[in-house]
Structures are given as C-alpha cells and as structure tokens.
Amino acid sequence: MANHKSADKRARQNVKLAEHNHYYAKTARNAVKDLRETTDKAEAEAKLPKVNAMLDKLAKTNIIHKNKASNLKSGLANHVNKLGANA
C-alpha cells in the first residue's frame, strides 16, 4: 500500500506504461514472426522496412535493447536475402 499520494499515482502509471509497452513489444514480435514465415521474396522485401522501423522505435524507447533490435534486423535481412537465393 502506498504511503503517499504521489506513490499511489506512480503505481497506477507503472501499470499503464507496462501494458502499453507489452502491446507494442507483442505487436513487433508478431510482425517478426510473420516476416520469418514469409516465403515470397517480394512480399518479404515489402515487409522488411516496416518491421525494421518497429524494432528501431522499440529500441529508441528502451522497450527492447538496441543490440537485440540490431540482431533481429540482421537476422531478418539475412532471411530475406536467402529467399532470393532459393529461387
């Protein structure tokens, strides 16, 4: 139980912010998963910049670590490049 009015408000804000961060992180995870499951090169190339932008935004706001975003972007770029090699 909060001892101060400000501590009570901070607790409410923390719950709201955690829910907000979870929504955006989950949305990005779903986008990454969707891109990894894509087998069409043209479709994957169209999705890649959007997913990269999502990851950059999450890293900028410290929802995920910047190195994690970088590693995910690198892996996705490799995935998209390999799609062309199989054709």
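Relative to the longest principal axis of the Cα atoms of the chain, the long axis of helix 66-86 makes an angle of roughly 20 degrees.
Simple point charges give the picture: +1 on the Cβ of Lys and Arg, -1 on the Cβ of Asp and Glu, and for the chain a dipole about the Cα centre of about 460 debye. Across the options Gly75, Val32, Ile64, the greatest Cα extent toward the positive end of the charge dipole of the chain (unit charges at beta carbon of Lys, Arg, Asp, Glu) belongs to Ile64. Work out the P(r) tail for the range 5-86: percent of alpha carbon pairs separated by more than 15 Å, whole number. Roughly 60 percent, once rounded to a whole number.
Bear in mind these aren't lab numbers, they're just calculated from the coordinates by the rules spelled out. Quantities reported herein were computed from a predicted structural model and do not represent experimental measurements. Positions of Cβ are generated from backbone atoms using ideal geometry, with glycine treated the same way; all protein chains shown enter the neighbour counts.
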